[in-house]
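The values are calculated or read from the model by the stated rules, or taken from the named source; none is laboratory data. Bear in mind that the values here come from a model prediction, so they are computed numbers and not experimental data. Glycine also receives a Cβ, built like all others from the backbone with ideal geometry; neighbour counts cover every protein chain displayed.
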Amino acid sequence: MRFLAADFPATFPAMHWLQTLDTDLFLFFNRSLVNPFFDWLMPILSGSNGVKTPFLLTAIAIGLALFIFGNRRLRLCMVFTLFIVATNDGLICNPIKHAVARARPFVTLPEARLFGIVGKGYIPPEINTDGVDMAAGKGSHNSMPSAHAANWFAATMTLFLFYRRSLWFMLPLAFGVAFSRLYNGVHYPSDVLAGAIIGAGYAVAAAVAIETAWQFFGKKYFPNAFAKATSLVPNLNLKNSQRKD
């Protein structure tokens with residue numbers, strides 16, 4: 001099922017207005033801000049142009065080095081970040097994507113630039129005699145929410161819960177990746193906003209759940225380990241948590 005602005009009847013003017021605003025904002029970011037530097041940078045921020053594999057290998061290498069040579073807080077931070085980012089897609093983003101089934105903008109908008117090429121991914125409607133769009137199954141429906149935005153904001157929030165100052169470099173990176181999804185033509189602004197909220201919210205919810213479980217089970221069943229680390233997430237500041245840096 002593909003969501004288009006025309007799908008919303010006049011009885012839902014607010015929804016139609018939001019869809020129109022979403023499309024207009026997308027076209028502004030996707031077309032009005034075009035420049036050669038962004039044409040080079042934005043695919044890289046999205047993990048294209050052959051940088052995905054080197055980036056992942058570098059991130060894994062750095063993560064392992066920090067885990068091996070870091071202190072307890074740094075090791076916990078690496079484990080939390082890996083767990084939250086690894087589970088965010090499968091548990092949260094992908095189920096929502098399949099439930100919403102929203103086509104990416106380059107699929108439905110012929111004027112959209114897909115990584116710099118106008119109309120590259122556009123799939124025109126093929127309406128049959130029953131009024132059904134037969135082309136709906138040919139396009140990508142994985143648009144809402146943006147997994148890139150969700151993962152980066154989840155990682156940003158996780159690092160923030162351990163190291164406040166990490167926000168100074170993680171937040172610009174997260175915003176840069178989110179913007180690249182608009183510029184490259186693969187997400188609407190609402191997809192990116194939803195992804196950012198979901199990612200950050202999931203990170204906080206997971207941290208609260210794990211910290212709460214540790215306060216109960218750790219104190220009761222692992223007293224020696226709990227005495228060394230009375231809080232797994234130092235900056236969470238739960239009411240019953242006694243932080244020990």
Problem - Criterion violated by Ile123 - all others in (1) hydrophobic (A, V, I, L, M, F, W, C); (2) at pLDDT 90 or above; (3) not in a helix (DSSP H, G or I) satisfied - result: (2)
Problem - Single condition Gly63 does not satisfy, out of (1) outside any helix (DSSP H, G or I); (2) out of contact with any strand residue (DSSP E or B) (no Cβ under 9 Å at 6 or more places or on another chain); (3) not charged (D, E, K, R) - result: (1)
Completion exercise
Going through (1) outside any loop (DSSP other than H, G, I, E, B); (2) modelled with pLDDT of 95 or more one by one, His187 fails only at (1)
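Give segment 85-118 a look and list any residue that's part of a loop (DSSP other than H, G, I, E, B) and modelled with pLDDT of 85 or more, or say none.
Ala103, Arg104, Leu109, Pro110, Glu111, Ala112, Phe115, Gly116
Just a yes or no: is a residue in segment 125-143 surrounded by 22 or more Cβ atoms within 10 Å (Cβ to Cβ), of a type outside the set (A, V, I, L, M) and closer than 30 Å to Leu76 by Cβ?
No; the residues of segment 125-143 include none that is surrounded by 22 or more Cβ atoms within 10 Å (Cβ to Cβ), of a type outside the set (A, V, I, L, M) and closer than 30 Å to Leu76 by Cβ.
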Exercise for the section: Just need a number here: residues in segment 23-82 that are more than 21 Å from His187 (Cβ to Cβ), of a type in the set (Val, Ile, Thr) and touching a residue at least 60 places away in the same chain (Cβ under 8 Å). Expected result: 1
Completion exercise
Considering residues that are closer than 22 Å to Leu114 by Cβ and out of contact with any Ser or Thr (no Cβ under 9 Å at 6 or more places or on another chain), the number found within segment 190-203 is 1
Handout entry: Filter pass, Leu66 being in contact with a helix residue (DSSP H, G or I) (Cβ under 8 Å, 6 or more places away or on another chain), surrounded by fewer than 17 Cβ atoms within 10 Å (Cβ to Cβ), more than 18 Å from Gly199 (Cβ to Cβ) and modelled with pLDDT of 90 or more
Key = no
Practice task
Please give the number of the condition Phe153 fails out of (1) among the aromatic types (Phe, Trp, Tyr); (2) surrounded by fewer than 20 Cβ atoms within 10 Å (Cβ to Cβ); (3) closer than 18 Å to Leu45 by Cβ.
Solution key: (2)
Handout entry: Candidate set from segment 174-194 (those that are more than 16 Å from Phe55 (Cβ to Cβ) and among the aliphatic types (A, V, I, L, M)); member that is surrounded by the fewest Cβ atoms within 10 Å (Cβ to Cβ)
Key = Leu193
Handout entry: Boolean, Gly176 is part of a helix (DSSP H, G or I) and not basic (Lys, Arg)
Key = yes
Fill in the blank from the handout: When every residue in segment 69-89 that is of a type in the set (Val, Ile, Thr) and buried (at least 16 other Cβ atoms within 10 Å of the Cβ) is compared, the one nearest to the chain's Cα centre (by Cα) is Val85
